[in-house]
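The structure appears below as structure tokens.
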Amino acid sequence: MPKTRNATTGLIHDERYYWIELGGYMALGEFTQPFPAMDSPEGKRRILNLVRVSGLMKHLTEFEPRMATEDELALFHARDYIAKVKELSDTTGGSVGDFTAICAGGYDIAKLAVGGCIVAIDAVLDKKVNNAFAMVRPCGHHAEADRGRGFAIFSNVAVAVMAARAQRGLGRVAVLDWDVHHGNGTQWAFYDDPNVLTISIHQDKLYPVESGALEERGKGKGEGYNLNVPLPPGSGHQAYVATIERVVVPAFKRFTPELIVIASGFDASVLDPLARMMCHSETYRTMTGLMMEAADELCDGRLVVCLEGGYSPVYIPYCGLPVIETLSGHRTSVVDPLAEWVAQIGGHDLQPHQDAAIERAATRVEDIR
Ligand SMILES: [Zn+2]
């Protein structure tokens, strides 16, 4: 178990995170009956609701987010892209990239998502809390410098890490992205920067299909400081835990970060409609525990978890709660109601082709100097 068993844990949340629409439905053609957006506000709100109903909230320190400033956004994003988002938000809304629309009034909420991650990092750096969970929406890790992608308007984690380095004089930061999709925006933000180690564990060639390969290792001085672990579809608990133990923790130990940030989607879950992985509530509990142990050993426990994707409204609360329970060292009486059913499904064990993919990534750890 992590040393910080009774850690003080910050929770950053705001009702406005659920007031942004990211596209009513995907327009697939004239014979497509409209359906609700995959990224449903109600789905994400259910995580917060379970935190409240479980009684965990009284063990957490609540923080209000603030909006990121335009200058903070511009640490990564192009000024004309920021202006375009603002202009569309001020009028009727519209597309800002593939699978990504900004709704009327959405600009402020997108800035609030970035600012929520900044507040979380500041709270940890200022020792107000030992670790923190930023329950932000919309997600951020697909947004690139000049365009939104995959329901992401601004790159929440990338901008927050850049702000922490620029404003707080932070040195080395390690970012682990365990959202089931590739953390392309975060990767490109730090691709030539040896001060930020970016690791993404994702389903191979899922989204974006053109990025996320093992061969993308960073460039220039940043070569070796981007590590992708593309896992085969069907990977589950043992594959994910093995990836943390055999790739992520050894990489972090070589890198010696001063802060660890996790881009935490819950769409690698066995019930997610946008991916084909098999993680469950105990996978997220175990991975969080391992990251806390690494943070305790390497950076005085400084760990910030930022919410990314997750599209099973039924199941994501049971994946999110164990992360926050583990961060805070308080186990509630909530039992994953689907755990027994999930356990009966075959395929949780590490399969040889998954083991081979993890081993290929593990050989790249020595590129980190
Ligand atoms: Zn995702």
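Return the percentage of antiparallel bridges among DSSP beta bridges fully within the chain, rounded to the nearest 5 %.
Details: 5 of 40 bridges.
Restricted to the chain, the bridges split so that about 10 percent are antiparallel.
Scaled to the globular estimate 2.2 N^0.38 Å, the Cα spread of the range 234-369, given as radius of gyration, is 1.06. Pairwise Cα distances in the chain exceed 34 Å in 18 percent of cases.
Measuring how big the range 300-362 is from its alpha-carbon positions, Rg and Dmax come out at 15.5, 40 Å. Kirkwood radius and radius of gyration were both taken over the C-alpha atoms of the range 123-263, and their ratio Rg/Rh is 0.94. Spin-label model, residue 210/residue 331: points 7 Å from Cα along the beta carbon direction are separated by 4.8 nm.
Please work out whether the range 162-205 counts as rounded, prolate or oblate from its C-alpha gyration tensor, where a ≥ b ≥ c are the square roots of the eigenvalues and a/c under 1.5 means rounded, while otherwise a/b larger than b/c means prolate and anything else oblate?
Values: a/c = 2.70, a/b = 2.37, b/c = 1.14.
Prolate shape, in that a/c is at least 1.5 and a/b is the bigger ratio.
Relative to the globular-protein estimate of 2.2 N^0.38 Å, the Cα radius of gyration of the range 189-294 stands at 1.07. Computed extension length for residue 42-residue 359: 110.3 nm, one decimal, from 0.36 nm per residue of separation with the Cα-Cα distance subtracted. For the range 24-180, what does the alpha-carbon gyration tensor say about shape, rounded, prolate or oblate, given a ≥ b ≥ c as the root eigenvalues, a/c under 1.5 as rounded, and a/b over b/c as prolate? Verdict is oblate for the range 24-180. A 1.4 Å probe run over the range 125-271, with the rest of the protein chains in place, finds 28 Å² accessible per residue.
Separation of the range 279-311 from the range 41-62 is 18 Å, based on Cα centroids. Here the peptides 291-301, 191-201 are ranked by packing, the mean other Cβ count within 10 Å, and the order with the highest first is 191-201, 291-301.
FRET efficiency for residue 30 and residue 146, Cβ-Cβ distance as r, R0 = 41 Å, nearest 0.05?
On the way: r = 31 Å, r/R0 = 0.77.
Efficiency, from the Cβ-Cβ distance: 0.85.
With a cut-off of 15 Å between beta carbons, the residues surrounding residue 55 carry a summed charge of +1, where Lys and Arg count +1 and Asp and Glu -1.
Given the range 103-193 reduced to its alpha-carbon atoms as identical point scatterers, what log10 I(q)/I(0) does the Debye formula return at q = 0.12, 0.17, 0.23 Å⁻¹? Relative scattering, expressed as log10 I(q)/I(0), comes to -0.36, -0.72, -1.25. Each Lys or Arg adds one and each Asp or Glu takes one away; over the other residues whose Cβ falls under 15 Å from the Cβ of residue 345, this sums to -4. Tell me whether the range 27-78 comes out rounded, prolate or oblate; compute the Cα gyration tensor, take square roots of the eigenvalues as a ≥ b ≥ c, and use a/c under 1.5 as the rounded threshold. Oblate, since a/c reaches 1.5 and b/c is not below a/b.
The values are calculated or read from the model by the stated rules, or taken from the named source; none is laboratory data. Just so it is clear, the model here is predicted, and its values are computed rather than measured. So basically every Cβ, Gly included, is an ideal-geometry build from the backbone, and we count neighbours across all protein chains shown. When the accessible area is computed, the model is the full protein with side chains, heavy atoms only, and any ligands, DNA or RNA have been set aside. Shrake-Rupley method; radii C 1.70, N 1.55, O 1.52, S 1.80 Å.
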